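K.L.:
I'd like to ask you about the structure that follows.
Where a number appears in this text, it was derived from the coordinates with a stated rule and is not lab data. Keep in mind that this is a model prediction, so the values were computed, not measured. Glycine gets a Cβ as well: all are built from the backbone with ideal geometry, and neighbour counts include every protein chain shown.
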C-alpha cells in the first residue's frame, strides 16, 4: 500500500510562513487524525500534498511520487477538501460521471458510490438543491470513486446529521482496516477520539505531535483512579502507607492520584478490602489537545472553559 511522506515541507505567503519545515508520514492500515488550531497549516499542508499549491521548500509525496506525476490520480488518491466546490447546476450523478470519465473509471462505479454515500435516490437532482450534509456526502463519494489506496478528508463530518457522522466514522475505520492510508483533518475532538489510531498535531505551521493516540493521551495525563469501598478507613491507611495521595468527594468516592486500577485492586484484594467501584480515569483528547496547543493558538477567546477527564 501507499504512504504519504512529508519532508521539510515549507510554504510561505509573503512574510507569513504557513507551513514550517514539516516532516511526518501517514502510514497505511490506520486512521491518522490531523489536528491543530485555526491557522495551524493543516489545510495548506493537504493542498501541498495534492499539488494544489507549490511548496516554498521541502517535498510532499504519495508512494514516493508527487501528486502531479500520478497517472489517473483519482485511482490512487481520493480527497475531500471543499464540499462546496462541485458545480451547482450539475446533477450529482453527472458530477461524478465527469470525474470518472476523466480518470478512466468505469461508469458503473458512479452508482456504487452514490449508494454507499446514501445519495442513490437523489443522484439525478441538481447539486444546488442539496443541503450542506448532502454536499458533504457527495464530496466523500467523489473521494471514494476511484477505489483509492489513499484517502484524505478535511472536516468530513461537517454538516452531517448523527447517522451521517456514524457512517463516516465506520467508513474510515473500514478503509484503514483494508490497509489503505487515511488522513482526516478535524476540529471535533470527541469525534476524532472515536476513530483515530494515530495523531499528527500542528501549531503555527510546525509539528507538535506525531504519536499513536493512546501514547499521546498517556503523555499528557497522570494516572488517576476513582473508587468506592465499604471500608474507607482501612483502604485509606493502606494507600497512605504505600505513598499514594487520596481525596474524597461529596459522593463518598475516593480519587487516588498516580495509580492504576489494576494496582489498587491488587492491593485491596491482598488485604481483603471490598471494592464496590474501581475506575481508571484519563484526560480526554480535548483536554490533552488544548493543553498541548495553548501557546499555539492563532485565534483564541479571552477565556476558555476547563476541559474534563473521562473514564477509561
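K.L.:
Can you tell me the relative contact order of the range 1-153? Whole percent, Cα pairs under 8 Å, sequence separation 6 or more.
P.N.:
Here the relative contact order equals 25 percent.
K.L.:
Give me 172, 134, 189 sorted ascending by neighbouring Cβ count inside 10 Å, so fewest comes first.
P.N.:
Lowest count first: 189, 134, 172.
K.L.:
Counting only C-alpha contacts under 8 Å and six or more residues apart, can you give the relative contact order of the chain as a whole percent?
P.N.:
21 percent
K.L.:
For the chain, what does the helix formula give at 222 nm: sum of -39500 (n - 2.57) over DSSP H segments with n ≥ 4, over the residue count, nearest 500 deg cm²/dmol?
P.N.:
-9500 deg cm²/dmol
K.L.:
Turning to a different aspect of this structure: For each of 198, 187, count neighbouring Cβ atoms within 10 Å of the residue's Cβ, then give the residues from fewest to most.
P.N.:
Arranged by neighbour count, lowest to highest, 198, 187 become 187, 198.
K.L.:
Pop out the Kirkwood hydrodynamic radius of the range 220-275 from its pairwise C-alpha distances, inverse of mean 1/r, in Å to one decimal.
P.N.:
Radius from the Kirkwood sum: 11.3 Å.
K.L.:
Can you tell me the Rg and Dmax of the range 183-233, counting just the alpha carbons, in angstroms?
P.N.:
Cα only, the range 183-233: 16.2, 53 Å (Rg, Dmax).
K.L.:
May I ask you to sort 102, 186, 3 by Cβ crowding, counting other Cβ atoms within 10 Å and putting the fewest first?
P.N.:
Result, fewest neighbours first: 102, 3, 186.
K.L.:
Jot down the radius of gyration and Dmax of the range 1-130, Cα atoms only, both in angstrom.
P.N.:
Reported Rg and Dmax, both Å: 17.1, 49.
K.L.:
Using a Gaussian network model of the chain whose springs link C-alpha atoms within less than 10 Å, name the residue from 91, 129, 23 with the highest mean-square fluctuation.
P.N.:
Highest fluctuation among the options: 129.
K.L.:
Running a GNM on the chain with Cα contacts under 10 Å, which residue among 276, 292, 96 ends up with the highest mean-square fluctuation?
P.N.:
Sorting by GNM fluctuation, first place goes to 276.
K.L.:
Express in whole angstrom the spacing between the alpha-carbon centres of the range 119-186 and the range 194-243.
P.N.:
That distance is 33 Å.
K.L.:
Among 161, 237, 291, determine the one that fluctuates most according to a GNM of the chain built with springs between C-alpha atoms less than 10 Å apart.
P.N.:
Most flexible of the set in this elastic network: 237.
K.L.:
Okay, moving on. Please compute the modelled spin-label separation between residue 16 and residue 84, points set 7 Å along Cα→Cβ, answer in nm with one decimal.
P.N.:
Placing both labels 7 Å beyond Cα along the Cβ direction yields 1.8 nm.
K.L.:
Just one of (i) 41, 22, 21; (ii) 33, 23, 17; (iii) 44, 23, 17 is semi-axes √(5λ) of the Cα gyration tensor in Å as worked out from the coordinates here. Which one is it?
P.N.:
Given (i) 41, 22, 21; (ii) 33, 23, 17; (iii) 44, 23, 17, the calculated one carries the label (iii).
K.L.:
Three principal axis extents, largest first, for the C-alpha atoms of the range 59-204, in Å?
P.N.:
40, 37, 31
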